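We did not get these values from a lab; they are worked out from the coordinates using the rules stated. The structure presented is a predicted model; accordingly, all values stated were derived computationally and were not measured. As a convention, Cβ positions derive from the backbone with ideal geometry for all residues, glycine included, and neighbour counts pool all protein chains shown.
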Ligand SMILES: [Zn+2]
């Protein structure tokens with residue numbers, strides 16, 4: 001009897017069905033999409049041991065709340081108990097949470113500190129890997145993430161429609177560590193020495209398993225009049241003459257620019273280990289093209305196209321730009337001498 005009384009006094013609201021349905025579908029599909037995307041980002045980050053930025057779990061929770069809220073609304077509708085107050089308050093809370101996530105995502109994407117959009121362009125789109133090797137597989141995955149995101153959750157900014165993409169996945173895709181950077185800086189110094197001496201700006205160091213630099217060299221093709229005097233080639237020959245096979249496999253070659261096919265072949269045949277470069281062959285090709293330098297007689301292949309078994313890492317964001325400047329200076333010097 002009491003129940004019936006309450007039902008009789010409950011006020012009735014007129015809900016605009018079409019608008020409500022559209023709203024439900026939009027919020028549900030948006031939340032479900034974000035839930036899937038950000039959960040996936042978290043899995044990728046964990047898999048790559050990169051750490052998970054707070055934005056990812058935050059967006060997962062926010063999206064999950066969105067989905068839960070829709071189910072709550074649907075439940076209330078079936079019981080004829082949906083009050084405008086619930087819808088307004090719930091929507092407002094979700095909107096605030098969502099807006100915070102959107103602002104942080106935009107900051108990561110286009111903010112001053114390491115914009116993800118720029119990094120995607122530099123380290124994925126501009127850095128195509130080809131051939132039947134693990135790097136190509138990695139590139140395809142990264143490019144898929146980037147392309148997928150450009151279509152999945154577009155954010156309208158003053159520049160138009162831009163992708164919602166993972167802040168930290170692509171920025172750290174190559175595992176160049178702080179220790180690696182120390183050796184790479186030395187390589188760039190050597191490249192600068194080479195340039196000042198009149199040679200091409202390339203420098204490399206050979207580091208043993210304990211982390212000690214055991215040999216280093218720079219390009220000497222002009223000063224010594226020998227076209228094979230690339231630093232990577234010189235280091236490979238030195239390693240063959242001075243190291244045991246075991247010492248060679250555990251040694252790492254750091255270099256300012258990715259090995260050319262000649263040096264990659266020498267590196268592999270001598271049995272040397274890991275390679276870390278500051279700038280890639282793909283970048284060099286692009287820079288030369290921009291500077292109006294004609295392509296050489298040897299194909300500009302990535303190391304793993306020549307030697308598929310060698311672990312390769314790079315480029316190093318920031319240092320690659322210094323290497324680019326060295327090539328720019330070389331070109332300017334050559335023009336002055338003409
Ligand atoms: Zn070479």
*Using a basic spin-label model with each label point 7 Å from the Cα along Cα→Cβ, how many nm lie between residue 222 and residue 250?*
4.0 nm
*Working out 0.36 nm times the residue gap between residue 179 and residue 47, then minus their Cα-Cα distance, what length gain in nm do you get to one decimal?*
45.3 nm
_Let's test the formula: R0 of 41 Å, r as the Cβ-Cβ distance of residue 67 and residue 110. What FRET efficiency results, to the nearest 0.05?_
0.90
*Rounded to the nearest 0.05, what FRET efficiency is calculated for residue 321 and residue 147 with R0 set to 35 Å and r the Cβ-Cβ distance?*
0.85
*Using label points projected 7 Å from each Cα along Cα→Cβ, tell me how many nm separate residue 12 and residue 89, to one decimal.*
2.5 nm
_Taking a virtual spin label 7 Å from the Cα of residue 128 along the C-beta vector, which residues in region 238-280 bring their backbone nitrogen under 11 Å of it?_
none
*Where labels lie 7 Å past Cα in the beta-carbon direction, separation of residue 81 and residue 331 in nm*: 7.1 nm
*Ranking 110, 123, 277 by Cβ neighbours within 10 Å, fewest first, what do you get?*
110, 123, 277
*Would you mind ranking 195, 87, 297 so that the residue whose beta carbon has the fewest other beta carbons within 10 Å leads the list?*
297, 87, 195
_Beta bridges by DSSP in the chain, antiparallel share as percent, to the nearest 5_ = 65 percent
*Would you mind listing how long the chain runs along its three principal axes, going by Cα atoms, in whole Å with the largest first?*
104, 48, 31
*Could you work out how far the C-alpha centroid of region 38-109 sits from that of region 285-338, in angstrom?*
45 Å
_Counting other beta carbons within 10 Å of each residue's own, what order do 179, 62, 250 fall into, fewest first?_
179, 250, 62
*Roughly speaking, what is the stretch gain from residue 26 to residue 299, that is 0.36 nm per residue apart minus the C-alpha to C-alpha distance, in nm to one decimal?*
93.2 nm
*asked:* Going by average Cβ density within 10 Å per residue, which order do the peptides 239-246, 31-38 take, highest to lowest?
replied: 31-38, 239-246
*asked:* So the label point goes 7 Å from the Cα of residue 338 along Cα→C-beta, right? Which residues of region 264-300 then have their backbone N under 12 Å from it?
replied: 292-294
_Of all beta bridges DSSP finds with both residues in region 168-293, what is the antiparallel percent, to the nearest 5?_
70 percent
